[in-house]
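Just so it is clear, none of the values below were taken in a lab; they were calculated from the coordinates. For clarity, every value in this text was computed on a predicted model and none was experimentally measured. We place every Cβ from the backbone using ideal geometry, glycine too, and count neighbours over all the protein chains shown.
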Amino acid sequence: MTTLVWFRQDLRLADNPALAAAAAAGEPVIPVYIFAPAEESGWAPGGASRWWLHGSLSRLRKSLHAIGSSLCLRASANSLATLQELARECNARRIVWNRRYEPAAIARDHQIKTSLREAGLETQSYNAALLHEPWTIRNKSGGPFQVFTAYWRSCKTLEDPAEPKPAPAALRAPDSWPASHPLEHLELEPKLDWADGLEAVWTPGSDAAHAHLDRFLAESVDDYASRRDQPAVYGTSRMSPHLHFGEIGPRQIWHAMRRSALARRRHSSWRDSQFLTEIGWREFAYHLLFHFPKTPMEPLKANYARLPWRSDAAALGAWQRGATGYPIVDAGMRELWGTGWMHNRVRMIVGSFLVKDLLLPWAAGARWFWDTLVDADLASNTLGWQWVAGCGADAAPFFRIFNPTTQGTKFDPTGEYVRRWIPEIAGLPNGWLHHPWEAPPQVLEAAAVTLGKTYPLPLVDHGVARKDALAAFAQVKD
């Protein structure tokens, strides 16, 4: 019995339950990837994600070739119709896949599973993306958690996730392969040449994911808690895009952490490490998205829908370009545009600036991140933006407003990060780098900085903007 394995956000061979189940049957296996952006209900992959997907599919195809298989690619407006067509072409009797948890994907997959079974096909779905299924973690009242610490404490009382299974050594090929679109037919790569910065920083694919993790565990994990807030250093794992595309799974990370801790004789502390806590935040994001499926467009705290957001295309454009006049904000936005990624501490700073200094809606920031981040993930993106806006689960209180000057001084004290991304003010001394508008004229002149020409004046006065934000948020806080 031929089995179709429908790949989605699980672009790896190891720790892939759907692929493992198909391989274990010993029958022909046909791996399939269907690119159907119209089915994503307004959340089709953005430009940076499409670039990553192209590279990841290319490497997945090579990995499959190495074990005697291939990857059938199809571009489609209807995944169900494509799967039915492939089943007829290949005389397949079973279709398996790993689950997705976005609201549109859940609805689509339910329809697909029902329709395929009614047509006489055997189907099965599996968990490849999470440590715990979102519906299995409940608070004492039987409902979903909305506070992270309580959620993660509950998760840590459960048994460790199962050991990941290795990649199949081989896959039995069918007598003939179905027609496959060339990867270029999916048109994932940008038509305009803007991806050089992404290519210089990132290598998609499962091999690169494991190399990143090995480097992190060997060099950075012990210092993660103290260095993760410093954007100038390589202190974070940068695993987020690999996790989003399923090039590596959280079970693999969990057990790699366990093995690393045992090897270094840190038997008791690794489950409480800050890095695994960040994996917990990813789990929490999916928990929330599953139980509150409207949150990508609506605040979890309904009263925040009444907040009097401003409409200012010029201010939004300045924020997007990294031209706000606040160096730490601008450095972050330029890092995002240049590399498709932004340091997590800086994500909070730029998010707070958009929402609370400019009083522009968090949804506008979420949309920009969706198009420009290589790790754009609906669950994590929604959680992050609603957290910084104060309208989501376990969110920052409305009165918590990051001061971009003090945040820059605290987390980039030597100015290395700002100078990397804003070379036009690199000549300023550290004492003025994060607030150049207050620098004496002779200091600006010596650094060849002309405010308003070579670098913008501040878009807003933070002190005034803070008072305006507090007044606006106070209207809806109850």
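In order along the range 125-133, the Karplus-derived 3J(HN,Hα) couplings, from 6.51 cos²θ - 1.76 cosθ + 1.60 at θ = phi - 60°, round to 10, 9, 9, 10, 9, 9, 6, 9, 5 Hz, and Gly and Pro are given as x.
Classify the chain: rounded, prolate or oblate, from the alpha-carbon gyration tensor (a ≥ b ≥ c, eigenvalue square roots; a/c under 1.5 rounded; otherwise prolate if a/b is larger than b/c)? Here the chain falls in the prolate category.
Highest mean packing comes first when the peptides 300-313, 49-62, 344-357, 120-133 are listed by Cβ atoms within 10 Å, giving 344-357, 49-62, 120-133, 300-313.
When peptides 75-85, 378-388 are sorted by average Cβ neighbour count within 10 Å, with the highest value leading, the order is 378-388, 75-85.
Stretching the chain fully between residue 277 and residue 321 yields a gain of 12.6 nm (0.36 nm per residue, less the alpha carbon separation). Using the Cβ-Cβ distance between residue 303 and residue 207 with R0 = 56 Å, the FRET efficiency computed as 1/(1 + (r/R0)^6) comes to roughly 0.75. Look at the dipole of the range 226-293 built from charges on Cβ: of 256, 277, 240, the Cα furthest out on the positive end belongs to 256. The angle between the Cα long axis of helix 103-118 and the main principal axis of the chain comes to about 10°, on a 0 to 90 degree scale.
The phi torsions of the range 395-404, fed into the Karplus equation with coefficients 6.51, -1.76 and 1.60 and a -60° offset, translate into couplings of 7, 4, x, 4, 8, 7, 10, 5, 8, x Hz, rounded to whole numbers, with Gly and Pro shown as x. With respect to the chain, whose longest principal axis is taken over its alpha-carbon atoms, helix 462-474 is tilted by about 60°.
Could you tell me which of rounded, prolate or oblate describes the range 220-276, using a ≥ b ≥ c as the square roots of the eigenvalues of the alpha-carbon gyration tensor, with rounded for a/c under 1.5 and, failing that, prolate when a/b is larger than b/c and oblate otherwise? Oblate, because a/c is 1.5 or more while a/b does not exceed b/c. Net length available on complete extension from residue 457 to residue 189 is 92.9 nm, with 0.36 nm assigned per residue and the Cα-Cα distance removed. Shown for the chain: lysine pairs separated by 8 or more places, or found on different chains, whose C-alpha atoms are under 25 Å apart, numbering 17. Protection proxy ranking, highest mean first, for peptides 464-470, 203-209: 203-209, 464-470, where packing is the per-residue count of other beta-carbon atoms within 10 Å, averaged. Distance between the C-alpha centres of the range 127-171 and the range 27-87: 26 Å, rounded to the whole angstrom. Between residue 367 and residue 400, the contour length at 0.36 nm per residue exceeds the alpha carbon distance by 9.6 nm. Applied to the range 407-416, the Karplus parametrisation 6.51 cos²θ - 1.76 cosθ + 1.60 on θ = phi - 60° returns per-residue 3J(HN,Hα) values of 5, x, 5, 6, 9, 9, x, 8, x, 4 Hz, with x for Gly and Pro. Taking a ≥ b ≥ c as the square roots of the eigenvalues of the Cα gyration tensor, an a/c ratio of 1.5 or more together with a/b no larger than b/c marks the range 2-128 as oblate.
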